[in-house]
Amino acid sequence: MRGETIVGLAFAAFMAVTALQATAQEDQGPILRPQNSAVKSGGSTLLVECDMACNWELDGEAMGLIAAGGVAKTKVDLGQHFLKATVPFGLAKAKVEKDIDIKTTGQTVVHLELSQAFFAALDNSSSKWSKDFAEGLELTEAKRYEQARPLFQKACDGGEMAACTNLGYLYESGDGVTQDYAQASGLFQKACDGGEMAACSSLGSLYASGDGVPKDYSQANKLFQKSCDGGFMWGCIHLGKLYEFGQGVTPNDDRARTLYKMACDSDGALGCSELGDFYRLGMGVTKDYPHARTLFQKACDGGKMDGCTRLGILYYNGQGVARDYSQALMLFEKACDGGEASGCSNLGELYRDGEGVARDYSRALTLFEKACDGSEPNGCGNLGELYRDGKGVARNNSQARTLFGKACDGGNQDACESLRKLR
């Protein structure tokens with residue numbers, strides 16, 4: 001499968017909370033478990049919505065993270081089920097529990113309101129969060145960024161470093177404000193100096209990319225190391241990336257692998273996908289597909305969509321597992337629905353080639369477009385092929401050239417060759 005190339009881990013974080021290493025996923029939904037799943041493939045589809053980001057469970061089984069306003073989808077048997085949702089901000093008491101009775105086939109939608117439980121837990125906790133910061137988090141979850149910004153600003157001015165970090169995220173992404181990397185870097189620097197390790201990691205990312213500050217891998221290295229030493233696992237991941245790809249340091253697979261393992265062992269999902277690739281590809285270790293599968297499964301079960309994609313690749317290729325196109329399709333679909341662009345590209349290839357599903361060029365086109373829009377070079381290259389060959393869309397060599405060029409610029413060598421032949 002040409003879609004094996006996995007998109008690198010983005011240098012980004014979602015929100016910082018002291019002593020909590022949480023990152024946002026897009027619509028996460030339930031995590032596929034190819035083996036030993038307690039979730040049934042029965043006669044009804046359950047859709048679960050949360051008004052703010054939530055970790056959810058079905059009948060006592062952890063199902064992953066749902067982003068605010070997102071929807072999780074899974075198959076369930078008819079009958080009684082128990083739902084539980086908690087906020088992923090370290091307040092264990094902020095939870096909602098609900099008994100449901102699935103009586104008919106088709107879709108059943110359940111909406112879980114966590115906001116009231118969240119603020120009640122905040123009132124009764126010894127949390128260091130201010131009301132302004134807590135409300136800003138909730139507004140951010142609801143994507144009401146313009147209203148969140150002044151609350152983060154007030155809390156930041158009051159010395160709440162996590163609020164400075166979250167305010168920096170808004171300026172970095174341009175959510176609710178004009179995008180301003182320089183402003184973001186100043187806020188991250190303030191928070192990092194104030195002991196907020198997530199801010200150190202985010203500042204390191206800006207130095208690695210050269211956004212708002214001069215590009216400086218050496219400075220990025222120091223900041224990622226500080227963040228990692230402070231227990232923020234994203235810092236360890238970013239530092240591992242520098243060593244894996246030799247950015248500002250001598251390439252060192254052993255060092256990268258150690259950092260990924262540290263994150264995987266500590267966080268439960270973060271770093272497991274990257275570590276699994278070392279065993280899948282035999283990078284500095286003996287190639288071990290079964291161990292890679294275990295690591296990818298752990299990542300996927302923990303809400304890391306790149307882990308679902310990589311696990312799908314093993315099922316597609318029959319590496320460490322029996323070849324199973326249908327299982328690969330479900331995993332790629334899960335990853336794509338969760339915002340993982342390479343999952344969309346791989347899923348599109350299955351529809352294009354009719355592997356594990358009826359051939360459907362129109363569906364493949366849609367998936368390749370989604371992947372390409374998500375900056376996945378393979379998606380752009382695959383989309384270019386459809387335009388070149390007139391499959392699922394009118395033949396258009398001009399559009400094909402544009403797409404092959406975009407894919408080639410992203411490192412897809414097949415696309416470079418296709419572009420050369422079209423000229």
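The numbers here are math on the coordinates, done by the rules we state, and not lab data. What you see is a predicted model; the values in this text were computed from it and never measured. In this analysis, Cβ positions are derived from the backbone assuming ideal geometry, glycine residues included, and neighbour counts consider all displayed protein chains.
Values for this structure:
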read-out	value
Cα-derived Rg to Rh of the chain, Kirkwood definition	0.97
Lysines whose Cα lies under 30 Å from that of residue 391, excluding same-chain neighbours fewer than 8 positions away	334, 370, 406, 421
Eligible aspartates and glutamates near residue 226 by straight Cα distance, threshold 13 Å, same-chain separation 8 or greater	193, 196
Pairs of Lys in segment 44-120 closer than 15 Å at Cα, counting only those 8 or more apart or on different chains	5
Quotient of C-alpha Rg and 2.2 N^0.38 Å, computed over segment 44-120	1.05
Cα-based equivalent ellipsoid of segment 239-285: semi-axis lengths in Å, sorted from largest, via gyration tensor	17, 13, 7
Cross-link reach list, aspartates and glutamates versus residue 131, counting only Cα pairs under 16 Å and skipping chain neighbours closer than eight places	123, 141, 157, 160
Under-5 Å amide H pairs with residue 77, H placed in peptide plane, nonlocal only	40, 42
Rel. contact order, % - alpha carbon contacts under 8 angstrom, at least six apart, the chain	11 percent
Expected 222 nm ellipticity per residue - DSSP helices of 4 or more, -39500 (n - 2.57), all of the chain, to 500	-16500 deg cm²/dmol
√(5λ) per eigenvalue of the Cα gyration tensor, segment 296-423, largest first, Å	26, 15, 12
Label-point separation in nm, residue 62 to residue 357, each point 7 Å along Cα→Cβ	2.8 nm
Gain upon complete extension [residue 109, residue 409; 0.36 nm per residue less C-alpha separation]	103.7 nm
Spin-label model distance (nm) - residue 266 vs residue 98, 7 Å beyond Cα toward Cβ	3.6 nm
In nm, spacing of pseudo-spin labels at residue 322 and residue 142 (7 Å Cα→C-beta vector)	5.0 nm
Nearest-0.05 FRET efficiency for residue 120 and residue 78, computed from C-beta distance (R0 35 Å)	0.55
Table column - 3J(HN,Hα) (Hz), segment 158-168, Karplus curve with 6.51, -1.76, 1.60, x for Gly and Pro	x, x, 8, 5, 5, 5, 4, 4, 5, 5, x
